[in-house]
2 protein chains.
Amino acid sequence: MKYLTTENIDYLAIGAAVLGAGGGGDPYLGKLMAKQALMEKGKIPLLDPDDIPDDELVIPSAMMGAPAVMLEKLPNGSEPEAAFRAVESFFGRKAYAVLPIEAGGINSCIPVYTAAKLGLPLVDADGMGRAFPEIQMVTYTIGGVSASPMVCCDEKGNKVVIEAINNNWVETFARTITVAMGLSSMIGLYVMEAKKVKKWGVKGTISLAIEIGKRIIVSHEKKTSAVDSILELTNGYRLFEGKVTDVQRDLTTGFVRGNAKFEGIDAFKGTSFELHFQNENLVGLLNGKPCAMVPDLITILDRETGSPITTEHLKYGQRAVIIGMPCVEVWRSEKGLELVGPRYFKYDYDYVPIEELVKRNAS
Amino acid sequence: MKYLTTENIDYLAIGAAVLGAGGGGDPYLGKLMAKQALMEKGKIPLLDPDDIPDDELVIPSAMMGAPAVMLEKLPNGSEPEAAFRAVESFFGRKAYAVLPIEAGGINSCIPVYTAAKLGLPLVDADGMGRAFPEIQMVTYTIGGVSASPMVCCDEKGNKVVIEAINNNWVETFARTITVAMGLSSMIGLYVMEAKKVKKWGVKGTISLAIEIGKRIIVSHEKKTSAVDSILELTNGYRLFEGKVTDVQRDLTTGFVRGNAKFEGIDAFKGTSFELHFQNENLVGLLNGKPCAMVPDLITILDRETGSPITTEHLKYGQRAVIIGMPCVEVWRSEKGLELVGPRYFKYDYDYVPIEELVKRNAS
């Protein structure tokens with residue numbers, strides 16, 4: 001059996017941020033929480049979903065809202081458990097394990113914290129294989145799993161339970177409640193039997209994030225670049241290398257929307273790159289032509305260290321390598337693209353897989 | 001035993017609007033709902049709270065949000081029952097009766113509808129003896145009764161349950177959820193044992209509203225004015241008679257805030273009246289000096305018919321009689337004034353009872 005220990009947490013957080021595709025937030029506090037809980041409870045089992053009996057319940061635990069807010073409005077530490085237990089009580093059954101819901105700085109750590117606190121194993125799977133901004137954007141929605149009942153808890157002890165007619169309505173209510181809670185809340189939702197994870201989950205996300213993180217941190221120590229090693233692991237592409245010449249951000253809608261411009265260096269000298277983001281990086285244009293688009297992953301790495309740079313931390317003058325990675329197949333289905341394709345995010349592009357775009361641009 | 005029948009509903013709605021002190025909304029749809037349910041189920045018992053065993057549960061049923069919205073976003077009719085049953089299920093016990101929460105056009109009718117639909121009696125009491133805009137503004141808050149668990153239901157079938165640390169947080173969450181539901185929701189909250197109603201409830205509100213309404217409607221038929229008769233019944237005062245010369249309204253905060261100016265006629269010729277309102281009428285100034293203030297009741301009556309005019313329906317040129325009525329004693333306590341005194345509503349006045357103000361202004 002695999003186990004997660006405190007040593008894995010730095011790997012996990014940095015690797016999940018690579019899969020977070022610019023989103024998922026600053027993992028600082030999440031890392032501290034996960035490490036502290038693991039130090040108290042020791043290691044926790046990391047379960048292959050296929051090793052869980054079909055009809056056992058698993059429950060995702062996550063944070064909703066603006067991760068930056070958590071650095072000032074500190075959690076009291078009992079919210080994730082409160083949300084998890086409240087969801088559990090709806091079914092009158094105990095959960096078998098905690099399920100991560102997305103790959104991203106903070107939400108890779110919160111389920112570890114919850115699992116360690118509750119003495120439960122963690123499932124090595126998530127519902128995105130990356131990060132997305134809205135509740136309904138999980139592979140489980142395609143599989144007909146309801147996000148309801150969803151529970152939001154805050155650090156003051158308030159608890160709100162949502163039972164909505166579909167996952168989009170869950171998003172609507174949860175967003176407004178999270179704003180009222182002070183822009184962040186701890187949530188439990190998408191309770192499901194293990195067979196749903198086996199069928200619809202993105203398997204191995206946690207192991208993959210840990211391996212990516214390990215390669216980045218080891219390369220720091222060796223003073224080499226981790227980029228090629230990450231690309232090999234994720235079947236990814238080096239889309240661009242250059243420096244940031246402009247960043248525009250708009251926060252008025254409750255998301256970080258904007259774009260960044262890059263000027264090529266070295267092999268990319270004379271070319272330009274434009275990145276459009278809404279919490280996550282969604283569309284990349286090389287010399288004005290799309291070279292990667294959502295739901296495929298676009299991630300900015302620091303050119304020196306290979307560490308991921310989130311959309312919140314993009315700054316003028318940064319030297320970056322921009323990589324693209326194919327998303328999991330289910331996102332490329334008709335239902336998948338309805339949920340998270342470029343048009344959902346109001347971009348006027350039909351989705352073209354990254355492999356195809358790279359081929360086109362090379363010819 | 002007293003009973004409520006369809007014949008009482010017009011009386012109840014118009015009388016409750018008098019007690020609504022300018023708030024409580026347009027009862028049109030609420031009246032239709034209550035009448036239809038009563039026609040189906042026949043009469044329902046109207047219980048004196050003192051006749052209910054101490055430890056039986058009673059549950060308030062009400063509408064939250066903008067009553068005007070209900071005229072376009074029609075209820076499907078099952079929401080009040082859904083909210084009521086959801087609250088009930090938290091306690092694993094059946095309710096003994098439905099409890100009105102406020103006196104006001106729409107929220108006098110909704111509990112009748114719910115009681116008739118569920119085949120339960122209605123309690124002859126409420127938690128205000130008038131209307132107020134926010135959830136925590138009930139006598140039960142002073143008595144330490146929690147508004148949680150509170151359930152909000154919409155016509156689409158969405159349900160949200162709030163368990164908050166105090167009644168002000170319940171208001172915060174319920175307001176934001178109601179806005180997300182499209183500005184109106186049906187709610188269940190303040191579940192309590194009957195002994196709390198006996199101690200903290202405003203008793204006889206329903207009977208009083210029916211009696212007020214009856215006097216107004218009978219006087220229409222006799223072509224006389226009901227004003228004196230209402231004043232006698234409520235220990236009220238004729239504060240002013242005149243016509244509306246100006247109305248200012250601001251809806252941007254989700255409430256109807258504003259003021260209206262009046263010019264005296266007949267016995268009040270040469271005097272002026274200024275009314276400040278926030279959903280309900282809160283402060284009245286006669287020639288610039290306060291003559292009534294919240295939590296005492298200020299109600300505008302049509303000078304011809306004696307029918308109440310809500311703040312939403314105040315219009316230039318209307319001829320009106322402005323009456324003031326003393327609130328129930330519990331609102332005049334320190335805790336009561338903290339919850340609903342003039343300073344809570346940001347008016348720079350210390351509360352003075354209406355009897356005292358009338359005396360001062362007369363001397």
task = Identify all residues within the stretch A:47-67 that are modelled with pLDDT of 95 or more, out of contact with any helix residue (DSSP H, G or I) (no Cβ under 6 Å at 6 or more places or on another chain) and outside any helix (DSSP H, G or I); write none if there are none.
result = A:LEU47, A:ASP48, A:PRO53, A:ASP55, A:LEU57, A:PRO60
task = Quick one: in the stretch B:90-102, of everything that is outside any strand (DSSP E or B) and not charged (D, E, K, R), which residue is farthest from the chain's Cα centre (by Cα)?
result = B:GLY92
ask   = Of the residues that make up the stretch A:145-152, is at least one of a type in the set (S, T, N, Q), touching a helix residue (DSSP H, G or I) at 6+ places or on another chain (Cβ under 9 Å), within 14 Å of another protein chain (Cβ to nearest Cβ) and farther than 21 Å from A:ALA97 by Cα?
value = no
Conditions (1) without any contact (Cβ under 8 Å) to a residue 60 or more places away in the chain; (2) over 23 Å from A:LEU251 (Cα atoms); number of the one not met by A:LEU357 = (1)
task = Those residues that are of a type in the set (Phe, Trp, Tyr) and more than 22 Å from the chain's Cα centre (by Cα), I need them from the stretch A:234-251; list them, please.
result = A:PHE240
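Residue by residue through the stretch B:24-36, note down the ones that are within 21 Å of the chain's Cα centre (by Cα) and part of a helix (DSSP H, G or I).
Result: B:TYR28, B:LEU29, B:GLY30, B:LYS31, B:LEU32, B:MET33, B:ALA34, B:LYS35.
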query = Taking B:VAL87, is it at pLDDT below 95, of a type in the set (Val, Ile, Thr) and in a helix (DSSP H, G or I)?
reply = yes
task = Select from the stretch A:332-342 the residues that are surrounded by 14 or more Cβ atoms within 10 Å (Cβ to Cβ) and part of a loop (DSSP other than H, G, I, E, B) and list them in ascending order.
result = A:GLY341, A:PRO342
query = So which residues in the stretch A:206-233 are touching a residue at least 24 places away in the same chain (Cβ under 8 Å) and more than 22 Å from the chain's Cα centre (by Cα)?
reply = A:SER219, A:HIS220, A:SER225
query = Taking the condition hydrophobic (A, V, I, L, M, F, W, C), surrounded by 23 or more Cβ atoms within 10 Å (Cβ to Cβ) and modelled with pLDDT of 95 or more, does B:ILE165 pass?
reply = no
key: Residues (in contact (Cβ under 8 Å) with a residue 24 or more places away in the chain and either among the polar types (S, T, N, Q) or within 18 Å of A:PRO353 (Cα to Cα) (or both)) located in the stretch A:242-263   = A:THR245
request  = Run down A:LYS335, A:LYS223 and say which single residue is in contact with a helix residue (DSSP H, G or I) (Cβ under 6 Å, 6 or more places away or on another chain) and of a type in the set (Lys, Arg).
outcome  = A:LYS335
message = Just to check your reading of the model, which residue among B:PRO75, B:PRO45, B:PRO80 is surrounded by 21 or more Cβ atoms within 10 Å (Cβ to Cβ) and assigned by TED's automatic domain parsing to the domain that holds B:ASN158?
response = B:PRO80
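Restricting the search to the stretch B:74-85, which residues are closer than 12 Å to B:LYS156 by Cα and either among the aliphatic types (A, V, I, L, M) or in contact with a strand residue (DSSP E or B) (Cβ under 6 Å, 6 or more places away or on another chain) (or both)?
Across the stretch B:74-85, the qualifying residues are B:LEU74, B:GLU79, B:ALA82.
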ask   = What number goes with the only condition from (1) surrounded by fewer than 24 Cβ atoms within 10 Å (Cβ to Cβ); (2) away from chain B (no Cβ under 13 Å); (3) within 20 Å of the chain's Cα centre (by Cα) that A:GLU193 does not pass?
value = (3)
key: Unique match (being charged (D, E, K, R), in contact (Cβ under 8 Å) with a residue 12 or more places away in the chain, on the phi > 0 side of the Ramachandran plot and out of contact with any Ser or Thr (no Cβ under 8 Å at 6 or more places or on another chain)) among B:ASP302, B:ASP266   = B:ASP266
ask   = In the stretch B:153-169, which residue that is under 19 Å from B:TYR140 (Cα atoms) and out of contact with any Ser or Thr (no Cβ under 7 Å at 6 or more places or on another chain) is farthest from the other protein chains (Cβ to nearest Cβ)?
value = B:ASN168
note = Only unsatisfied item for B:PRO133, checking (1) modelled with pLDDT of 95 or more; (2) surrounded by fewer than 24 Cβ atoms within 10 Å (Cβ to Cβ), is (1)
message = Could you check the stretch A:170-184 and list, in sequence order, the residues that are surrounded by 23 or more Cβ atoms within 10 Å (Cβ to Cβ) and within 11 Å of chain B (Cβ to nearest Cβ)?
response = A:VAL170, A:PHE173, A:ALA174, A:ILE177, A:THR178, A:MET181
inquiry  = Quick check on my filter: what residues within the stretch A:83-119 are surrounded by 24 or more Cβ atoms within 10 Å (Cβ to Cβ), closer than 21 Å to A:ILE9 by Cα and of a type in the set (Gly, Ala, Ser)?
reply    = A:ALA97, A:ALA103, A:GLY104, A:GLY105, A:SER108, A:ALA115, A:ALA116
ask   = Based on what the data block shows, is B:VAL256 touching an Asp or Glu at 6+ places or on another chain (Cβ under 7 Å) and β-branched (Val, Ile, Thr)?
value = yes
task = Name the strands (runs of 3 or more DSSP E) wholly inside the stretch B:221-314 in which the number of residues that are assigned by TED's automatic domain parsing to the domain that holds B:GLU171 and either modelled with pLDDT under 95 or farther than 22 Å from B:LYS346 by Cα (or both) is 2 or more.
result = none
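The values are calculated or read from the model by the stated rules, or taken from the named source; none is laboratory data. Computed from a predicted model, the values in this text were never measured in an experiment. FYI the Cβ positions are ideal-geometry reconstructions off the backbone, even for glycines, and counts take in every protein chain you see.
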